[in-house]
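First comes the structure, then the notes that go with it.
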Amino acid sequence: MTSERYNAREAEPKWQTIWDERELFRTRNDDPRPKYYVLEMFPYPSGRIHMGHVRNYAMGDVVARYKRARGFNVLHPMGWDAFGMPAENAAMANKVHPAQWTYANIATMRGQLKSMGLSLDWHREVATCDPSYYRHQQRMFLDFLSAGLVDRKTAKVNWDPVDQTVLANEQVIDGRGWRSGALVEQRELTQWFFKITDYAQDLNDALDGLERWPEKVRVMQKNWIGRSEGLSVRFALDAATTPSGETEVEIYTTRPDTLFGAKFIAIAADHPLARAAGARDQALADFIAECKRTGTAAELIEKAEKKGYDTGIRAVHPFDPSWTLPVYVANFVLMEYGTGAIFGCPAHDERDLEFANAYGLGNTVVVCPAGVDPAGFVVTDKPYVEDGLLVNSRFLDGMTTAQAKDEVARRLEAETRGNAPVGRRKVNFRLRDWGISRQRYWGCPIPIIHCDACGALPVPLADLPVKLPDDVTFDVPGNPLDRHPTWKHVACPQCGAKARRETDTMDTFVDSSWYFARFTDPWIETSPTDRGAVDGWLPVDQYIGGIEHAILHLLYSRFFTRAMRKTGHAGVDEPFAGLFTQGMVVHETYKGPDGAWVSPAEVRIESDGAARKASLLSNGGTVEIGPIEKMSKSKKNTVDPDDIIGTYGADTARWFMLSDSPPERDVIWTEEGVQGAARFVQRLWRLTGELATLAAPVGTAAPAAFGPEALAIRKAAHRALIRVEEDVERLRFNRCVAHIYELSNALSAAIGAVTTETRPADVAWAFREAADILIALVSPMMPHLAEECWQALGHDTLVADTRWQEPDRALVVEDTVLMPVQVNGKKRAELTIARDASNDVVEAAALALEPVQRALEGRPVRKVVVVPQRIVNVVG
RNA sequence: GCGGUCAUGGCGGAAUUGGUAGACGCGCUAGCUUGAGGUGCUAGUUCUUUAACCGGAGUGGAGGUUCGAGUCCUCUUGACCGCACCA
């Protein structure tokens, strides 16, 4: 009955329809079972899904289906991160409206995802570009504004000259726009900011509690937040050297212990004191201008050598009125960090040493490594930056670094000048507020009205949503909202005079900062979230996505959830309890005879013994096989999921994506690999057919006793069950696959050993049990094939709707164990012995073995180490 | 420069967390089957010696701890990732 090949093309849509009709994956918020929320990062509707999506969603689906089988009420939704630049670029290139382009892409991609057979609750689908979604985002923006979490300020911002918009700091990578790749410029603009820095401390500290996050991501976020503890110190200025009434400069340091090693003060080019000094010194003004010029491209700053200019101003050392330090304007000091001014201690800071050496400022060692004679300890071109004991530092001498830091802080906090302490302990963060204004059309409008008389006012709640106008043009660069003839003209909600709408839209990362909350009740119209639903479902138990969002999306979402809590829209701080970052899908690259990239679909690969040769399918031209790289359109090394699903079926694609590599590592897509997966699909189908003829009917009562053959079959099945369970829980899908292969190999062997004629009842029962377990194990990974097999095994239920079987752990415990016997650490023999044999018995049996005696070569036995049920080591 | 991860057959990778290294898959070799050439089955596949058994070596390299190290420690080489004037 199952002699023919399994036909995925027929079976897969059939089962998808059946799941759909039975609403198997529709999740209800009032379901009393314990909740489990599994979520994969939602896609941008770029047009078609790619293999990275297949891998990501296959992993999530395994977890979702497994947890469902374990009796959880699983929430596994899908939506679309639908605002963004590509829609506008398409509009410009093809004269199609961004909305039309986006919704057409969504329709295509929804169909592709459905063909994968994912256990998604499509009733909860959301698209962030839909007013029914972004109206709530506007509402939250206004709530955040009332709660003091939104700021409007003029600031130096990152300007992407290609995309013609502002970018957040997180979106600038190596000085370039994260999307356009263009060198980012610095511009002064008035922008809306989310005050993520209000939560800097909490965002930092709470990382320690995220135990189910990859260490790597936590470290990256910590570095990005950049918390440092230090001291700000007000240095008095020598009045005779000061241009126009400035009396002091405040610096920030994390090394107050090295204050007696100070050689200079350095201030940023845009520091007020620098500006004042520049006003009376043309050469200095030129230098400042030069610093600012190089300051437009972040990439250049990093490569620039350290340059400074002596302002002539002298600062007075806080512990010695007779000691003055030169004040330099320096190109490496950033106005944005700390106070925009530092003191330089060349002996103990790399940068300061480079600067001091360039300008002949010398250095004094004030920290000496413990156990080293200070007299001979000098610094020339490499500073000593570690902790140690203080020297050359008056009252600090002999103290440790920590003691000295504390002592300096204590003394300077106690000392006052002009009624304020000279020193203040201060915690500084690298994290900046999140600038969310974007000068683009295809985004969520910022619900603000600007009135010349009343200022920037919130749009009244009753007027939400502020909808994007449909009639826009993209024929000229810039923001279509800004040049729309009518859209921005409104009456001031306060005085009624003519006023203007804010024409900036929100960063699309705002859209993705709360979609996981909206999924918990996407139907509610009166507020962004239903508190019962959001508090019941959050945090997401398992979130799966790419590492590229380690700081962007994953940090913004953590902030946004806190802000939602503050404004009453959620009851938790952390959105994602468990995070998994999966690796990429990579593929060989190919270059044709003309040196142009060639797609895998156009290439024929032939094996010549161990060597592989590639040629063009069209004309046999020589193709050069290049390095394995991330699938990208530019290198043409992509494989279209539609083609794979059309040729092999979704199950084969899913199985291969899960089988080859550990999920956190990159997986190499190969034709041989897919074919191997496809072979297993057919093999499993044939094996199921054989098992169906050998197995006892569904519902047969277990026999009273099992013979050795039956027991062996049962052990193999339950061992696989235990192992797969353990590995799915830890998302080690490649190991799950190996365990399933092992079980099917074992069952094939068992079938070979038992003929139909001599099949006893206990063996038939064991085959029934093992077959059911095998298919249940396969079902989260290859759900369609599993249903087909489940049916072939005589079930009238769905395997997708079947509870996970509890393994019988006692079954896999053997009566006898096989212990390797080593002599001096080298394995010489094996010993099969009763599991509960005493160490004495094991030792005697081991020593009696002939290969052991041979290896001892007559030497006396000095010691025998017996690790029960593990190993014996004879030392002789 | 700083921080992190990793290094195991021809390839992807396993290894009960200090206890038989190479599970499982791919590829390859031989034979059978099918049949004409993307099927199935059987056997083999770390290297080396051997007809075979028995041996010897072996987890990037050099040391160390231990009865025992792919796993722990020190040094070193290489690859990848993140951050990069953050005071």
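Quick rundown of the values:
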item: C-alpha center-to-center spacing [region A:675-729, region A:27-95] in angstrom; result: 32
item: Diffusion coefficient, µm² s⁻¹, Stokes-Einstein with Kirkwood Rh over alpha-carbon pairs of region A:76-170 at 25 °C and 0.890 mPa s; result: 151
item: Backbone HN-Hα couplings from phi across region A:428-445 [Karplus 6.51/-1.76/1.60, Hz, Gly and Pro as x]; result: 10, 10, 7, 4, 10, 4, 8, x, 10, 6, 10, 8, 10, 7, 7, x, 7, x
item: Cα-Cα P(r), region A:476-623, percent of pairs per 10 Å interval; result: 9, 22, 16, 19, 17, 13, 5, 1, 0
item: Calculated diffusion of region A:194-275, Stokes-Einstein form, Kirkwood radius summed over Cα pairs, 25 °C and 0.890 mPa s, µm²/s; result: 151
item: Dipole of chain A [Lys/Arg +1, Asp/Glu -1 at C-beta], most positive-end residue of A:Pro477, A:Thr638, A:Pro697; result: A:Pro477
item: Amide H contacts under 5 Å for A:Leu75, placed H, 5+ residues apart; result: A:Tyr36, A:Tyr37, A:Val38
item: Within the accessible area of chain A (1.4 Å probe), percent carbon and sulfur; result: 50
item: Straight-distance crosslink candidates among aspartates and glutamates, where the alpha carbon sits under 13 Å from A:Lys498 and sequence neighbours closer than 8 are dropped; result: A:Asp452
item: Spin-label model distance (nm) - A:Ala834 vs A:Val162, 7 Å beyond Cα toward Cβ; result: 7.6
item: Region A:1-146: relative contact order as a whole-number percent, Cα under 8 Å and 6+ apart; result: 30
item: Protection proxy ranking of A:718-725, A:74-81 - average other beta-carbon atoms within 10 Å, highest first; result: A:74-81, A:718-725
item: Separation of alpha-carbon centers, region A:544-558 and region A:374-401, rounded to whole Å; result: 42
item: Cβ crowding within 10 Å averaged over residues, with A:662-670, A:453-461, A:862-870 ranked highest first; result: A:662-670, A:453-461, A:862-870
item: Cα principal axis extents for region A:127-222, largest first, Å; result: 40, 34, 30
item: Net charge dipole size for region A:816-876 [Lys, Arg +1 and Asp, Glu -1 on Cβ; Debye, nearest 20]; result: 280
item: Cα principal axis extents for region A:1-110, largest first, Å; result: 53, 43, 25
item: Projected area, mean over directions - chain A, Cα convex hull, nm²; result: 52.1
item: Highest average packing first - A:649-657, A:465-473, A:784-792, Cβ atoms within 10 Å; result: A:649-657, A:784-792, A:465-473
item: Cβ-placed point charges (K, R +1; D, E -1), dipole of region A:369-425 about Cα centre in debye, nearest 20; result: 340
item: For chain A, accessible area per residue (1.4 Å probe, heavy atoms of protein chains only), Å²; result: 44
item: Computed magnitude of the charge dipole of chain A (debye, nearest 20; Cβ of K, R +1, Cβ of D, E -1); result: 320
item: Distance between region A:576-601 and region A:326-352 - C-alpha centres, whole angstrom; result: 44
item: Lys/Arg +1, Asp/Glu -1 at C-beta; region A:486-569 dipole; positive extreme among A:Phe519, A:Leu552, A:Met564; result: A:Met564
item: Listed residue pairs exceeding 28 Å between alpha carbons, taken from A:Lys306/A:Lys630; A:Lys382/A:Lys630; A:Lys156/A:Lys488; A:Lys156/A:Lys636; result: A:Lys306/A:Lys630; A:Lys382/A:Lys630; A:Lys156/A:Lys636
item: In Hz, Karplus ³J(HN,Hα) per residue of region A:727-736 (6.51, -1.76, 1.60; θ = phi - 60°; x = Gly, Pro); result: 7, 5, 4, 9, 6, 9, 5, 4, 6, 4
item: Kirkwood-based Rg to Rh ratio, region A:680-729, C-alpha trace; result: 1.03
item: A:Arg70 long-range amide H proximity, modeled H, under 5 Å; result: A:Trp804
item: Amide H contacts of A:Lys307 (H built 1.01 Å from N, under 5 Å, at least 5 apart or other chain); result: A:Asn331, A:Phe332
item: Value of Rg to Rh for region A:546-661 (Rh from inverse mean 1/r over Cα pairs, i.e. Kirkwood); result: 1.20
item: Value in Å of the Kirkwood radius, where region A:721-876 supplies the Cα pairs that are averaged; result: 19.0
item: Residue (of A:Ile773, A:Asn839, A:Gly794) at the positive-pole extreme of region A:764-876, dipole from beta-carbon charges; result: A:Asn839
item: CD proxy at 222 nm, helix term only [per DSSP H run n ≥ 4: -39500 (n - 2.57); per residue of chain A; nearest 500]; result: -11000 deg cm²/dmol
item: ³J(HN,Hα) computed for each position of region A:122-136 - Karplus, 6.51 cos²θ - 1.76 cosθ + 1.60, integer Hz, glycine/proline x; result: 6, 5, 9, 3, 10, 10, 5, 8, 7, x, 5, 9, 6, 4, 6
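The values are calculated or read from the model by the stated rules, or taken from the named source; none is laboratory data. Source: prediction; values computed, not measured. Cβ: placed from backbone, ideal geometry, glycine included. Neighbour counts: every protein chain shown. All accessible areas refer to the heavy atoms of the entire protein, side chains included, with ligands and DNA or RNA removed. Shrake-Rupley method; radii C 1.70, N 1.55, O 1.52, S 1.80 Å.
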